[in-house]
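Here's the structure we're looking at; comments come further down.
The values are calculated or read from the model by the stated rules, or taken from the named source; none is laboratory data. Computed from a predicted model, the values in this text were never measured in an experiment. Ideal geometry is used to build each Cβ from the backbone, glycine not excepted, and the neighbour counts take in all protein chains shown. For the accessible areas, the whole protein counts, side chains as well, though only heavy atoms, and no ligand, DNA or RNA atoms are used. Shrake-Rupley method; radii C 1.70, N 1.55, O 1.52, S 1.80 Å.
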There are 4 protein chains.
Amino acid sequence: MEFASDNTSGAAPQIMQALMRANEGFAPAYGREQAMERVRALVRETFEAPRAEVFLVANGTTANALSIATFCPPWGAIFCHEQAHVQVDECGAPEFFVSGGKMVPVPGAHGKIDPDDLARAIATVPQGDVHSVQRGMVTLTNATEAGTVYSPDEIAALCEVARGFCLPVHMDGARLANALVATGASPADMTWRAGIDILSLGATKNGCLAVDAVVLFDPEKAWELELRRKRAGHLFSKHRFLSAQIEAYLTDDLWLDLARAANDRAVALEGVLAALPGARIVHPRQANMVFASLPRATHRRAMSAGAHYYLWPHWASLEGPSDEAVTARFVCSWNTNDADIVALERVMRGQG
Amino acid sequence: MEFASDNTSGAAPQIMQALMRANEGFAPAYGREQAMERVRALVRETFEAPRAEVFLVANGTTANALSIATFCPPWGAIFCHEQAHVQVDECGAPEFFVSGGKMVPVPGAHGKIDPDDLARAIATVPQGDVHSVQRGMVTLTNATEAGTVYSPDEIAALCEVARGFCLPVHMDGARLANALVATGASPADMTWRAGIDILSLGATKNGCLAVDAVVLFDPEKAWELELRRKRAGHLFSKHRFLSAQIEAYLTDDLWLDLARAANDRAVALEGVLAALPGARIVHPRQANMVFASLPRATHRRAMSAGAHYYLWPHWASLEGPSDEAVTARFVCSWNTNDADIVALERVMRGQG
Amino acid sequence: MEFASDNTSGAAPQIMQALMRANEGFAPAYGREQAMERVRALVRETFEAPRAEVFLVANGTTANALSIATFCPPWGAIFCHEQAHVQVDECGAPEFFVSGGKMVPVPGAHGKIDPDDLARAIATVPQGDVHSVQRGMVTLTNATEAGTVYSPDEIAALCEVARGFCLPVHMDGARLANALVATGASPADMTWRAGIDILSLGATKNGCLAVDAVVLFDPEKAWELELRRKRAGHLFSKHRFLSAQIEAYLTDDLWLDLARAANDRAVALEGVLAALPGARIVHPRQANMVFASLPRATHRRAMSAGAHYYLWPHWASLEGPSDEAVTARFVCSWNTNDADIVALERVMRGQG
Amino acid sequence: MEFASDNTSGAAPQIMQALMRANEGFAPAYGREQAMERVRALVRETFEAPRAEVFLVANGTTANALSIATFCPPWGAIFCHEQAHVQVDECGAPEFFVSGGKMVPVPGAHGKIDPDDLARAIATVPQGDVHSVQRGMVTLTNATEAGTVYSPDEIAALCEVARGFCLPVHMDGARLANALVATGASPADMTWRAGIDILSLGATKNGCLAVDAVVLFDPEKAWELELRRKRAGHLFSKHRFLSAQIEAYLTDDLWLDLARAANDRAVALEGVLAALPGARIVHPRQANMVFASLPRATHRRAMSAGAHYYLWPHWASLEGPSDEAVTARFVCSWNTNDADIVALERVMRGQG
């Protein structure tokens, strides 16, 4: 009963096979292998962005921190949702990479930022006042930490607010594939056409071993980004093992297929959880995560039976009265089992 | 009609005289002048803290940022009031000196933090979770940005919360003298006896030219602080001009006399403002600042007549209907004139 | 004819198989997988260091920069060989991770530092003088950038110098296995018993895909190192793919077998190069690299025939008279072919 | 007998008087006082640079570090003389302000860099190689740490080298006035006309209390520099005390008169030292410093008699045989006494 995270799953067979193939023979190091040329072409085609530059790194924290540092000066304010990964789950990586910077958390229901709230938050940082940090950039997460999804129109509305303040916009797309599947939007519509300047394109959580891509839609800052990546220890010598993963990931829509599988499992899981006595779905289920409020007794039964998932926020207290509600997060992956969902329902209903 | 800030005032005559005296002859540089020995002794005596180490810098931003960087690691969360100078008025100096760090703003009425709110804020940063920044330190401001004052007991209660989480506590005492005069508390009771580990002892705003002191109550980190000061460009070569100011400042209670004068003028000003038609005092007046809500028309009259003070927050809009209320901050200094107060009343009442 | 670097080779079959096995099923993320327990035990056993802590990262630059940042304050001087990877090949990663720091390059024949030169270099940084950076730490590379090897006694002599100045010592062991095979020394004798505090244990260059380990012999700084790793984006979510590599790498002496194969090929290559007309071996060949001075004409023939290796330093000019000597670096890997050596000889002799 | 440094002297009477005048009444804070307008005009006129921007800070370390950080990215190499203040006397301030950076020390006789050596040093940092730090900027010191002086032509030749590599050039002019007096060059010829982009204009050592100016000849980076100054704690609230000093300093050539007095005293001192038995002048005396090699016995006599000066480098050993030579640095200030020179001669000759 594995619902702890999409990073407890392994890699998809196609990814492992690509890795095996990439291992044959010798190859130039540091991204000069031929596969990286193919990856670049593939990303440009996938995103309909012929000038985009692509940088492979090992994970989403790095993709986010590098993206932000490339656009935001050390004295910049970074506007993000108050539950964004960059704000609560990266041990200050953005501040480290930026050499300063101040995250300005914006509240918002169901993990999403409302354009008016974003405008208000930006306006609280006075413009051109040397005593204050300066407005730096905006970062949006899609799919969000609450498992909800922005449509391209919603992204565009937020980018328009940012543009009104002359701010660049980053998208944390650790679960971008899940958002694309959920909305049916094209990669281009969801990103640069809506106003996104730089994207963390997630792959690790969605069936790869360890690779995410930074997609820089305007290539002007490419060399700076390359230096920042190297200096942070994120330029891999045997880079072919990164490019092999991304190449397979984007080929024949594998990334969307994997995300669709995860989203579909989440639909099934949502049905199960919603029907439990005393349970309630907390955020609209739109991608591969389900947040449910459960009686603590239900939760305890699942834990005793060895189910894996987190209370949310994950430092929530485990102690308390049995009839009190707790909120739990359940994440589905490309290879989540139907059997695990059935088993979870059984133990939660005390039929285990 | 000068009420813009306590830093628009000049230096007190005693300070200027001390500066002239200090200029005679040659003196060792970089704090090895004899006057620094006397300053050290004076601070220790004033604070009843025989082991305290003292570091002179040119202003409060530096004193704060050095203090915080000495106690908080780059991945630390720094808990402060949401309107604290370190959070809103230092262009990210704490984050720069810390090489990262994340300010966690705590709300609180009238510029003060409630111990329960502090505990709650600290608890939101999960302990020992590598994905999160770590609980780093607490910083309190006394007198506060809202012109209110913590009593020693209130400081002690907040330090106790911090201590419960094993966190060190810094006090931004840019207006400490005003707080001491307001409460009648001793410097020791207001600081280390209440649990403060390191203090920014303000002097610039209160009648000096450019000097504040960092008082480190536990000398263990003295050498690190000295290196940080030098590395940040804050070790003065002709250091005697800093020590001369602080020596005069602390001699014969000059600092308290200056603060008392400022606080007293604020009492008078409060009376005037409170009595204006449509006006309302916004925060309890306890030190040398008065925050008043005024009809915009009243404010416009004062501005037209050349009065100096800021709307608050200072990026508040100047435009709007005449009968709408605006909030303004008025600051009194050691040398604020009665005549200015009389003149302000007159123009605000339209009698100018 | 592939001699460009040990990172143009792929991963050994045992490593790939371990990766495939690790991919089965679900596993806790972020290093909490069971394999990491086994890795920890294996490293401790291999190094006879039961208290050592182990941190897996993706490459040597990261291992080095994290190690240095954990021991050296931002105002510290880092003493290293003038050709050390940390000094010339990491785009300032140590300075980034340290948030400052100053590399102090120490000259030395054949890539090695002489204890007297080290002592002299350390002594040039004045102790306890606030105007200077402070003596921070020493970092040694074994095998060196010049393909030479320190014996345990030589390492111990250098560590003794460092200890005399109370400085911790890091070893960049990107090619540690090659050095161990070359000297026959035990891992413990080459590291902590000789005085090394923290080790970058290389694996990527020697038959892995992308993994190096930081071995911290004194566990006191373990938590700090863990936070630094996370904050730099180097804590992998699907960490099992790192632990799988290292587990296989250290099992049944695979790492030594791979290094031995590389060193042996270098012996053969050295013989070939030394016998070329006009050629000369530049540094004693002790590990898996050969540095040879060649007539430029010889070099041009090899390049035309598609041989892969670098002139050294790698920004050396490619232009110049045919009879002028150039210095070239040839690196052997675990899977370097005899056939490639034969082919190289042929083309260099103009028999291709 | 005070020859320890030009920062053991006090401030000139004209500076103190300006300070007293500046103290009258209220004035806007943070550089918005009217005097700063006058300072800006004065600097522009003095340097014949109508677009130059001027930033006042408290000392030379800050002026240098801010200048460098404004032009050099975190991954930049900073080329400087191996004895430059930025390299050996600022506790890593440039690296701190730059958030990284790597000082590349260039050797050179008598504190000066030869254009060919500069070109060679720059060329050792490979261009466009992501593994290396990148060529960042050049910083020159005039007068130098060895008391020698570059002519405008020499500065121009070095700037031409830098320009050939597309690198900006900073001048550390902590003793610029001494260099101008020594050469008779105009401020413009010595700086921007020769190719200097940004200047640390020293004043503290030459008769002020605590103020240096950053002069930015190309105003494009002015706002960034302003933010960096604030963020580093170097924007003074009672800024009028800085502008008052610089205004007086540059008025009626006071700065040149003070420097001329210091240089003249150094001429006299040089004569005395050169004539001592066993003594030798080590660097050509061109500004206000004399470096002399003396028998240790001579040095000991002076120390016993209470003379103040430093052996150089200042961590040189005080112990050793009496007939061994030591090198000492003697610095003259605007107010160095003839009587002190006479007294020094007497004690050194054993006539005290």
Q | Positions within the stretch D:14-53 being closer than 24 Å to B:Met1 by Cα and not hydrophobic (A, V, I, L, M, F, W, C), in sequence order | A | D:Arg21, D:Asn23, D:Glu24, D:Gly25, D:Pro28, D:Tyr30, D:Gly31, D:Arg32, D:Glu33, D:Gln34, D:Glu37
**Q.** Residue list for the stretch D:26-38, restricted to those being facing chain B (nearest Cβ under 7 Å) and out of contact with any helix residue (DSSP H, G or I) (no Cβ under 6 Å at 6 or more places or on another chain)
**A.** D:Phe26, D:Pro28, D:Ala29
Q | Residues (within 12 Å of chain A (Cβ to nearest Cβ) and within 19 Å of the chain's Cα centre (by Cα)) located in the stretch B:105-127 | A | B:Pro105
(Q) Looking at the stretch C:269-277, can you tell me whether even one residue there is part of a strand (DSSP E or B), under 29 Å from C:Leu180 (Cβ atoms) and touching a strand residue (DSSP E or B) at 6+ places or on another chain (Cβ under 7 Å)? (A) no
Q: From (1) under 13 Å from the mean Cα position of the chain (by Cα); (2) farther than 20 Å from C:Pro115 by Cβ; (3) free of Cβ contacts under 8 Å to residues at least 40 places away in the same chain, pick out the condition that doesn't hold for C:Met171.
A: (2)
Q.
Every residue in the stretch C:16-47 that is free of Cβ contacts under 8 Å to residues at least 60 places away in the same chain and among the acidic types (Asp, Glu), please.
A. C:Glu24, C:Glu37, C:Glu45
**Q.** Tally of residues being touching a strand residue (DSSP E or B) at 6+ places or on another chain (Cβ under 8 Å) and at the interface with another protein chain (Cβ under 9 Å from one of its Cβ atoms) across the stretch C:53-78
**A.** 12
Q: Mind listing whichever residues of the stretch C:237-256 are in a loop (DSSP other than H, G, I, E, B) and open to solvent by 10 Å² or more (accessible area, probe 1.4 Å)?
A: C:Ser237
Q.
Tell me yes or no: at least one residue of the stretch C:79-87 is among the β-branched types (Val, Ile, Thr) and either more than 14 Å from chain A (Cβ to nearest Cβ) or free of Cβ contacts under 8 Å to residues at least 60 places away in the same chain (or both).
A. no
Q) Scanning the stretch A:130-164 for residues that are of a type in the set (Gly, Ala, Ser) and assigned to a loop (DSSP other than H, G, I, E, B), which turns out farthest from the other protein chains (Cβ to nearest Cβ)? A) A:Ser151
**Q.** Check on B:Val326, among the β-branched types (Val, Ile, Thr), under 15 Å from B:Ala146 (Cα atoms) and buried (at least 16 other Cβ atoms within 10 Å of the Cβ)
**A.** no
Q: Tell me, yes or no, whether the stretch C:90-104 has at least one residue that is more than 27 Å from C:His131 (Cα to Cα) and surrounded by 21 or more Cβ atoms within 10 Å (Cβ to Cβ).
A: yes
Q) Which one of these does B:Glu220 not meet: (1) acidic (Asp, Glu); (2) free of Cβ contacts under 8 Å to residues at least 40 places away in the same chain; (3) open to solvent by less than 10 Å² (accessible area, probe 1.4 Å)? A) (3)
Q | Scope the stretch B:126-148; condition open to solvent by 10 Å² or more (accessible area, probe 1.4 Å) and touching a residue at least 60 places away in the same chain (Cβ under 8 Å); matching residues | A | B:Gln134, B:Thr141, B:Glu145
Q: Could you pull out the residue among A:Pro13, A:Pro50 that is within 11 Å of another protein chain (Cβ to nearest Cβ), within 25 Å of the chain's Cα centre (by Cα) and without any contact (Cβ under 8 Å) to a residue 12 or more places away in the chain?
A: A:Pro13
Q.
Any residue that is open to solvent by less than 60 Å² (accessible area, probe 1.4 Å), at pLDDT 95 or above and among the charged types (D, E, K, R) - is there at least one of those in the stretch D:293-307?
A. no
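Residue by residue, here is whether (1) in contact with a Phe, Trp or Tyr (Cβ under 9 Å, 6 or more places away or on another chain); (2) of a type in the set (Ser, Thr, Tyr); (3) at negative phi holds:
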site	(1), (2), (3)
A:Ser132	yes, yes, yes
A:Gly147	yes, no, no
A:Leu158	yes, no, yes
A:Leu216	yes, no, yes
**Q.** Those residues of the stretch D:294-314 which are touching a helix residue (DSSP H, G or I) at 6+ places or on another chain (Cβ under 8 Å) and of a type in the set (A, V, I, L, M, F, W, C), in sequence order
**A.** D:Leu294, D:Ala302, D:Ala305, D:Ala307, D:Leu311
Q: Restricting attention to the stretch C:134-182, report how many residues are over 24 Å from D:Gln87 (Cα atoms), of a type in the set (Lys, Arg) and touching a strand residue (DSSP E or B) at 6+ places or on another chain (Cβ under 6 Å).
A: 0
Q | Selection within the stretch A:1-55 - of a type in the set (D, E, K, R) and open to solvent by 10 Å² or more (accessible area, probe 1.4 Å) | A | A:Glu2, A:Arg21, A:Glu24, A:Arg32, A:Glu37, A:Arg38, A:Arg40, A:Arg44, A:Glu45, A:Glu48, A:Arg51, A:Glu53
Q: Give the residues of the stretch D:88-104 that are touching a residue at least 12 places away in the same chain (Cβ under 8 Å) and more than 17 Å from the chain's Cα centre (by Cα), sorted by residue number.
A: D:Phe96, D:Phe97, D:Val98, D:Ser99, D:Gly100, D:Gly101, D:Lys102, D:Met103, D:Val104
Q) Is at least one residue of the stretch D:62-69 touching a Leu at 6+ places or on another chain (Cβ under 8 Å) and farther than 18 Å from D:Ala222 by Cα? A) no
Q) Within the stretch B:225-242, which residues are in contact with a helix residue (DSSP H, G or I) (Cβ under 6 Å, 6 or more places away or on another chain) and either free of Cβ contacts under 8 Å to residues at least 12 places away in the same chain or more than 12 Å from chain D (Cβ to nearest Cβ) (or both)? A) B:Leu225, B:Arg231, B:Gly233
(Q) Given the options C:Ala266, C:Ala210, C:Ala203, C:Ala259, name the one that is within 14 Å of chain A (Cβ to nearest Cβ), buried (at least 23 other Cβ atoms within 10 Å of the Cβ) and touching a residue at least 60 places away in the same chain (Cβ under 8 Å). (A) C:Ala210
